[in-house]
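Written below as structure tokens is the structure these notes are about.
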Amino acid sequence: MRTVFTPLHALHAPATEFFRGERVPCFEKVDRARYVHEALVARGHRVDAPEVDSRPVLPQVHGERYLAFLESAWARWLALDPANAERQPFPSTWPIRTLRADREPSEFSAQLGVYSMDNGTPICAGTWDAAKAGADAAATAARWVSQGERAAFVATRPPGHHAGPDFMGGYCFLNNAAVAAQALRNAGAARVAVLDVDYHHGNGTQAIFYERADVQFVSLHGDPRTEFPFFLGHADEVGAGAGQGFNLNLPLPAGALADAWFDALAAGMARIRAFGAEALVVSLGLDTFEHDPISKFKLSSDDFLRLGERVASLDLPTVFVLEGGYAVEALGQNAVNVLDGFESA
Ligand code: OKS
Ligand code: ZN
């Protein structure tokens, strides 16, 4: 399969995140993409650098104010104190119920609260450049597929599916899957489906397309009553306005086994067929793996071959975008298994 990768992902390398009240090394680490890249090369998949600038697409899926904030965030953090070069900014105040989000404060960390859904998404010096390179990679894969490639895989990090119209969260900054879907629309696909198979609900992707009928969002994920992102991903979220009926959430209990997961996948795929999608984006989280350190589904490495086979049966031009997956040493094998399953079908 044609795949797109850039070493610029390594510019995003924050040191720590908060976990159970402590600072711990980030789960979303540089090595993730390194292992995936190595496995792609070892398996003989063609790997190219991004060759499309996603800038024209970004404001179609994110607000300009958010984009400007994200691009300038590190420089503004440094401007507060040169010693901040050795520190990571985290939000500490959020405009939740009864507080006003419509009067944006000028203070940096307050703005960080406006543009973040959590304190789990650390920014560092290279975050913008890495995230932008990832969005460029997604736009590149979309171009290849719209020009006739059957499928392409985006081996990128940081991930994207929690990043919403105007906020970061869940390790995500720019929504790569949304960029790919929008780029496919721009290239002429009348209807695009996004199938999100990450363990976590893709709240950002859902939010971006929630009122649109041209991009369908279908997600299987751990039930938000117990799993991140907690505040979106329920079965009664079906889309709104023109988008009503074009959003499908299939939450499963934490601990769900592969059989139940594949039943939900079949239900989601039936809805994609009924929608009449002309192109498909798969938000390919691999944190459904049985040995993932932060998730609770039970897919085996062989199940990822089956996933690839099932997705191929939709018979659509397909862009795979890497999302989560933190069992780092198995990540390459699991990613390649999806691609090999797809190509064998
Ligand atoms: C705790 C981190 C919460 C989990 C983030 C999940 C990221 C992910 N602060 N999304 O698909 O894999
Ligand atoms: Zn995830």
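The values are calculated or read from the model by the stated rules, or taken from the named source; none is laboratory data. Just so it is clear, the structure is predicted and the values come from calculations on it, not from any experiment. So basically every Cβ, Gly included, is an ideal-geometry build from the backbone, and we count neighbours across all protein chains shown.
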- Query: Name the residues in region 206-228 that are within 16 Å of ligand 1 (Cβ to nearest atom) and either exposed (fewer than 15 other Cβ atoms within 10 Å of the Cβ) or part of a helix (DSSP H, G or I) (or both), would you?
  - Reply: Gln206, Ala207, Ile208, Arg225, Thr226
- Task: Go through the residues of region 291-298 one by one and say whether even a single one is over 22 Å from Ala155 (Cα atoms) and touching an Asp or Glu at 6+ places or on another chain (Cβ under 7 Å).
- Result: yes
- So Leu316 fits all but one of (1) surrounded by 20 or more Cβ atoms within 10 Å (Cβ to Cβ); (2) within 16 Å of ligand 1 (Cβ to nearest atom); what number is the exception? (2)
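Residue by residue, here is whether (1) among the basic types (Lys, Arg); (2) more than 16 Å from ligand 1 (Cβ to nearest atom); (3) on the phi > 0 side of the Ramachandran plot holds:
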site: Lys298; (1), (2), (3): yes, yes, no
site: Gly325; (1), (2), (3): no, no, yes
site: Ala335; (1), (2), (3): no, no, no
site: Glu343; (1), (2), (3): no, yes, no
- Of the residues in region 151-186, those that are within 15 Å of ligand 2 (Cβ to nearest atom) and surrounded by fewer than 24 Cβ atoms within 10 Å (Cβ to Cβ) come to Gly169
- Task: Taking the options Ala131, Ala142, Ala125, name whichever one is more than 14 Å from His62 (Cα to Cα), of a type in the set (Gly, Ala, Ser) and not in a loop (DSSP other than H, G, I, E, B).
- Result: Ala142
- Task: Enumerate the helices (runs of 4 or more DSSP H) found wholly within region 10-92, keeping only those where 1 or more residues are modelled with pLDDT of 95 or more, basic (Lys, Arg) and in contact with a Gly (Cβ under 9 Å, 6 or more places away or on another chain).
- Result: 31-42
- Task: Determine which member of the set Val194, Val179, Val154 is among the β-branched types (Val, Ile, Thr), touching a residue at least 60 places away in the same chain (Cβ under 8 Å) and under 27 Å from Pro25 (Cβ atoms).
- Result: Val154
- Selection count where residues are of a type outside the set (D, E, K, R), surrounded by 17 or more Cβ atoms within 10 Å (Cβ to Cβ) and more than 16 Å from ligand 2 (Cβ to nearest atom), scope region 282-313: 4
- Query: From the residues in region 110-142 that are polar (S, T, N, Q) and in contact with a Phe, Trp or Tyr (Cβ under 8 Å, 6 or more places away or on another chain), which one is surrounded by the fewest Cβ atoms within 10 Å (Cβ to Cβ)?
  - Reply: Asn119
- Task: Could you look through region 3-45, keep only residues that are surrounded by 20 or more Cβ atoms within 10 Å (Cβ to Cβ) and among the small types (Gly, Ala, Ser), and pick out the one that is farthest from Ala141 (Cα to Cα)?
- Result: Ala39
- Task: Select from region 4-59 the residues that are in contact with a His (Cβ under 8 Å, 6 or more places away or on another chain) and closer than 18 Å to Asp129 by Cα and list them in ascending order.
- Result: Phe5, Val30, Ala33
- Pick from region 185-205, criterion within 16 Å of ligand 1 (Cβ to nearest atom) and charged (D, E, K, R), ranking: nearest to Trp144 (Cα to Cα): Asp196
